[in-house]
Each structure stands twice: as structure tokens, then as C-alpha cells.
Amino acid sequence: MIFSPVVAPGISEGAARWVENPKNLINVAVTRARLALFVVADFDICRRQAGILGDLAKYVDTVEKLRKTSKDELELFSLMVVQGWNPRVHHVERDIEIDFVLTHEGKRLAIEVDGPQHENTTEQDKARDTFLRGMGYDVLRIPGRAVRETPSLVIKQIGDCTGLPV
């Protein structure tokens, strides 16, 4: 799927907002993309827009960041977005970076996707988890392998922890 919001330098904010009518235009474009979604746009302009166009630019930036850091995190992010959830990505709490944070009805869930490197850092992970719990988070550690092999169970587990609908 190739999608272009057709915004360029000099375009008025009102003209750039054409993509918001009908309301679900971008949503339809994104969800129809089966193998790939190519967004052709001036992303500097898109980032400055309020509403769905700014949200789309933020989404693309997040996907690009996750592509560079962790395929398992990218896959889990995609699964959560498809659920209609809005995870914060690489949220920093004091000096601790959390892979994902989901909030729902006053609950805050810190989600850590553990790759093979975490097999040797269990004490460090326990200390992080204790710190995050002290900051008011519930903590859920998910093996990257589970994201790849049993994604529906991972989503159910996250839904159970947060109360978000699955």
C-alpha cells in the first residue's frame, strides 16, 4: 500500500487537514496494508500537524526506532496497536528506560521484552523490577520468543494485567 497525505512546504494547515475527512481515511489505508505500507510525505510538515497526520508521523517514527533496536519489540508494538492500545515506547522513568508502558483505569504496566541477553542479567532485571514497582508500576516480562511464537497469548496476558479489552 502506498499512501501520501499530499502535504508540502507552504500548504496551509486547513489544506493539510483534508486527510481527517472522512474520519477513518488514514485508518483504512493503514489497515489495508497487508505486506507493507509506504508513506510518501514531508515528515517534517506532518510532525507539525495536529490530529491524525501528526499521529501518523509519530507512529512511523516509532516503527523506525523499533526497527533499529528490536524486532521483537517492533512485533509487540504492532500487536498492541492492532488491539487499539496506545503504548508509550521506550518511556524513561528516572534513569530507567522501559520498553513499553500501558495505562488503563489508573493501572500502569511496564512491559519488558526480554531477548537472549537477559539470560545473564537476572539480578539486574530483578532490581529494575523492584524499582519500577516502587514507582507504582506493575511489571510484566515477556520473552521475545513468546512474542514470535505465541503472540495471541502474549496479548491476552497484557490484557489480563491491564484490564484492556482483547
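Bear in mind these aren't lab numbers, they're just calculated from the coordinates by the rules spelled out. Small disclaimer: the values here were computed from a predicted structure and weren't measured. Ideal geometry is used to build each Cβ from the backbone, glycine not excepted, and the neighbour counts take in all protein chains shown.
For the chain, set up a GNM with springs between Cα atoms under 10 Å and report which of Asp114, Asp44, Asp138 has the largest fluctuation.
Judging by the Gaussian network model, the answer is Asp44.
Given only helices, namely DSSP H runs of n ≥ 4 each adding -39500 (n - 2.57), what is the per-residue ellipticity at 222 nm of the chain, to the nearest 500 deg cm²/dmol?
-14000 deg cm²/dmol
Kyte-Doolittle mean at least -0.5 and Cα extent at least 20 Å along the axis: which DSSP H helices of the chain qualify?
Details: long enough: 52-69 (25 Å, -0.21).
The qualifying helices are 52-69.
Quick one: compute the contact order of the chain, relative version, from alpha carbon pairs under 8 angstrom and 6+ residues apart, as a percent.
Result for the chain is 16 percent.
Looking at the chain, how many pairs of lysines come closer than 30 Å at the Cα, when each pair is eight or more places apart or spans two chains?
Eligible lysine pairs with Cα atoms under 30 Å apart amount to 20.
Dipole of the chain, Cα-centred, from +1 at each Lys and Arg C-beta and -1 at each Asp and Glu C-beta, to the nearest 20 debye? Display every interim value, and only then the final one.
Details: 22 positive and 24 negative charges, 89 e Å.
Dipole about the Cα centre, nearest 20: 420 debye.
Express in % the proportion of alpha carbon pairs of the stretch 8-166 at distances exceeding 18 Å. It would help to have the intermediate numbers written out before the result.
Working: 8061 of 12561 pairs.
Summing the P(r) tail past 18 Å for the stretch 8-166 gives 64 percent.
Of Val28, Val101, Val82, which has the largest mean-square fluctuation in a 10 Å C-alpha GNM of the chain?
Val28
Using alpha-carbon positions, what is the distance between the centroids of the stretch 88-109 and the stretch 138-166, in Å?
Centre-to-centre (Cα) distance: 15 Å.
Please build a GNM for the chain, connecting alpha carbons under 10 Å apart, and tell me which residue among Gln124, Gln83, Gln49 fluctuates the most.
Among Gln124, Gln83, Gln49, the largest GNM mean-square fluctuation belongs to Gln124.
Only bridges whose two residues both fall in the chain count here: according to DSSP, what percent of them are antiparallel, nearest 5?
On the way: 10 of 18 bridges.
The answer is about 55 percent antiparallel.
Using amide H atoms built in the peptide plane, which far-off residues or other-chain residues are under 5 Å from Gln49 H to H?
Residues meeting the criterion, in which the H sits 1.01 Å from N, are Gly54.
Rounded to the nearest 20 debye, what is the charge dipole size of the stretch 1-68 about its Cα centre when +1 sits on each Lys and Arg Cβ and -1 on each Asp and Glu Cβ?
Values: 10 positive and 7 negative charges, 59 e Å.
Around 280 debye, computed over the stretch 1-68.
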